[in-house]
1. Taking K and R as +1 and D and E as -1, what net charge do the other residues with C-beta under 13 Å from the C-beta of ILE403 add up to?
2. Determine, for each peptide in 624-634, 374-384, the mean count of other beta carbons within 10 angstrom over its residues, then list the peptides with the highest first.
3. Quick check for you: which residues of region 177-191 have the amide N under 13 Å from the point 7 Å beyond the Cα of SER137 toward its beta carbon?
4. Which of the lysines could a cross-linker bridge to LYS611, judged by Cα under 21 Å and excluding same-chain residues fewer than eight apart?
5. Can you tell me the FRET efficiency between SER272 and GLU34 if r is taken as the Cβ-Cβ distance and R0 is 30 Å, rounded to the nearest 0.05?
6. State, to one decimal in nm², a quarter of the convex hull surface area for the C-alpha atoms of region 2-380, i.e. the direction-averaged projected area.
7. Based on the mean of other Cβ atoms within 10 Å per residue, sort peptides 643-651, 507-515 so the most packed one is first.
8. Mind checking the full-extension length gain between GLN568 and ASP365? Use 0.36 nm per residue of separation minus the Cα-Cα distance, one decimal, nm.
Amino acid sequence: MKIAVSILLLVFLANPVAAFVHASGQQILDAGGEPALMRGMGLGGWLVPEGYMLNTISQSPSTIRADIVDVVGETGADQFYTAYHNNYVTREDIHELAEWGFDHVRMPFHYNMFSPARGVYIDWGFEVTDSLIAWCSEVGMHVVLDMHCAPGGQNGGPISDSDGTARLWLEESNKAHTVEIWTKIAERYVDEPWVGGYDLLNEPVLPSGVTSIEFRALYVRLKEAIRAVDTNHMLFIEGNWYATDFAGLTPPFDTNMAYSFHKYWSVNDQNSIQSYLNMRNQYNVPLWMSETGENSNTWFYEAVLLFEENDIGWCWWTTKKFETITSPYSADQPAGWDLLRDYWSGSGGKPSPQAAQAILMEMADNLKTENCRFSPGVVASWFSPDYASVNQPFKEHKIPGTILAADYDIGAQGVAYLDDVYETVHWDNYTAWNNGHQYRNDGVDLQIEDSGIPNVGWATDGEWMKYTFHAEYGGIYDLSMEFASTAYSGQFRLYLDNQPLTTIMETPITGSWTAYESLLVEGLEIPIGDHELKLQILQSGPNIRTMAFIIDSVHTYPDIPVVFTLGQNYPNPFNGGTVIPLEIETDDPLTVEIFDILGRRVQFFDFTGAKGRVKVSWNGTDLRGLRVPAGTYYYQVISGDMRAAKKMLFLP
C-alpha cells in the first residue's frame, strides 16, 4: 500500500494539473479523467447587477448603485446590497442546480469585489468566492471564475460597467490592474480542485484602432502572470465581438487552455458553430460554450442538442431575474417599484428615504428562491430526454374542474403546442416568440391580466395547444370556455386523444380584449382516466382564458344509486345572493364547496346528516366573510366518491 501511495504521489508531483479540471487534447477532463464542465449555469445578476435583469433605468452596476445611493444613502444602499447578495444565490440554490443535472457554475464577478484600485485589496470578494466553492464542493460541482467587469471595461457596454468606451484596451493602468487581480486570484486558489478554471475576460470588444496583436498580447500577459503562481488551472479565452471572433487568438498560447464562445439569437445548426469546430480540430484544443440563453424553451433544447452532439460543454445564462420567462426563477418587482423608476427617469418626485428603503428591501426579499415563480418548462428544455417527443403536464389537471388555456403541456414546438413564431434566430432583428413575454417561455403568446389570470392571445390560424388531464369520472360533460374579442369571431375545434371531440365552434365577439363571455359546449362524452385534449385554432380572433368542465350527473352515473341531485342556482346571474337547490339521499358525509375560476376554494358548507331537499344560500362572501370579486364561480357537491359541479355568475 505504501508503494502504491508513493507512486500516486510521484505521478501527481510530475503532472499536478491532472488533479484538476484540465485540457486533454480536444476534451476538458476532471481529476478522474472524466468529461468535465459539460452542463453549467452562469450566476448572472448576482455579483454584477444588470439593468435589464432588475428593470432599472440605469443599466450598469455602478450607475444602478449610484441611483440607489441617491434615494437611500450609502448606509441604506449597503443594507440593500447585503440582502440582495445573500438572497440571490444560496447554498440551497446550488444544491438544487446539482439535483437538476448541472456539474458546474460560472461566477461572473466585478473586479472591484477584489481590488477597487491598484494595490488595494478587500476580503469580501474572496469570502464570497470561498463560500460558493464550498457549497459547490458539497455536491461535486466546479466553479469557473469569470471576470465579467474588468478595470476600464473590456467592452463599451454596461455589462462590463464601462463608461461607454472599452478603456481596458486603451490605458496601461487598467491592463496592469487586471493582471494584478488575476495574479491574486490565482495565488488564492492555486491548490483548490473545485475551481474549474479562470475565464479571463467576458465578451471583449476591441475599440477602434486596437489590433488583434494587442488583443492576443494582453491574454498572453495574463497567462504568464497566472502561470507564475498557478500551473494547475485551465484558462478560458473568449473571442472578440462578445466571444464570437477568435481572429488573432490562434494558435493556442498555453497547454492548458480552451477557447470559449458565446451563442445568442442564431439558428441552431451545424454551420452556426462550424468555425469553432474547425478551430478545435486544427489546433487540438477544447471548446467551452460559456454563455447562451435569452430565447425560447424550444431554442434552448435545440441548442443543448447541438452542443452535446458536438461534445461541447455548455453554460447557461442565468438562474434568476425579475419578471422573466427565460430563467428557471422569476422574482416579482416590489410594490411601489414604479415610484423609484419614475423618479430615476425624471418623470416623478423623489420618494422619502424610508419609502425607498422599504421598496428596495422588499425587492431583495423577493429574490429568495422560495418567493420566486418557478418555470418547469425551462428546466425541462435542458434535461428532459423526452422534451422533443412527449408532452408532459405543466400542472395536474383534473375534471370536473377548470383548466387555464395558458396551462398547456410542457414540450417542444410541434409536441406540446404549435405556434407560427417560437424562437428568435437573428441577433440584429429580434423576434418575440411570446408576444406578451409573460408566464411561460414558449411560442404560445400569453399575457397576464389585471386579475392575475393569464390568457392565450395573438393566436393565428392552425396553432394549437395540448393539455394532459385526468377525468375523475367518466360520463357526459359540459364545457364552458371563456373568450374575449373586440370585433373578430374565431373558430376552434377540440380533440380528445387525437379524435375530434367537437365540431367547428364559433367564438363570441365581446367588444373588448378583457371582457369575457362564455361559450357552452354541451354533451361531451369523456371516459374516466387520463386523456390528452388538443385545442386547435382554426380561425384566429379571440383571447382564450379558461375551460371549465362541468359534469352532468344524470348521464354520468346511470348505474349507480343516486345519493344527491344538484340543481342550477337561482337567480343566475346574481349580485346579492343566490340559492343552490340540492336533494340529499344519503347518510354519508356531504359537502358543498364554491371555487373561483382558478380553482381556489372561497366558501364551504357541510351538510352531513341532512336529508331531503336543501337550499344552500350564498351571499357572495368568502370564508373570511369578505365579499368576493365579481366573476365566474363553480359550486361542487362531494359525497364519498360522488361529485357534481355547476357554474354561476356573480355580478358587480
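Every number in this text was worked out from the coordinates using simple rules, so none of it is lab data. It should be emphasised that the depicted structure is a prediction, and the values quoted were computed from it without experimental measurement. Quick reminder, even Gly has a Cβ in these numbers, built from the backbone with ideal geometry, and neighbours come from all protein chains shown.
1. Working: positive: LYS395, LYS398, LYS466, LYS534, ARG545; negative: GLU396, ASP407, ASP409, GLU482, GLU532.
Local net charge: 0.
2. For the peptides 624-634, 374-384, the packing ranking is 374-384, 624-634.
3. Counting only backbone N, you get 189-191.
4. Reachable lysines: LYS646.
5. Values: r = 28 Å, r/R0 = 0.93.
Given R0 = 30 Å and the Cβ-Cβ separation, E is 0.60.
6. 19.5 nm²
7. The packing order, highest mean first, is 643-651, 507-515.
8. Details: separation 203, 0.36 × 203 = 73.08 nm, distance 4.60 nm.
Between GLN568 and ASP365, full extension yields 68.5 nm more.
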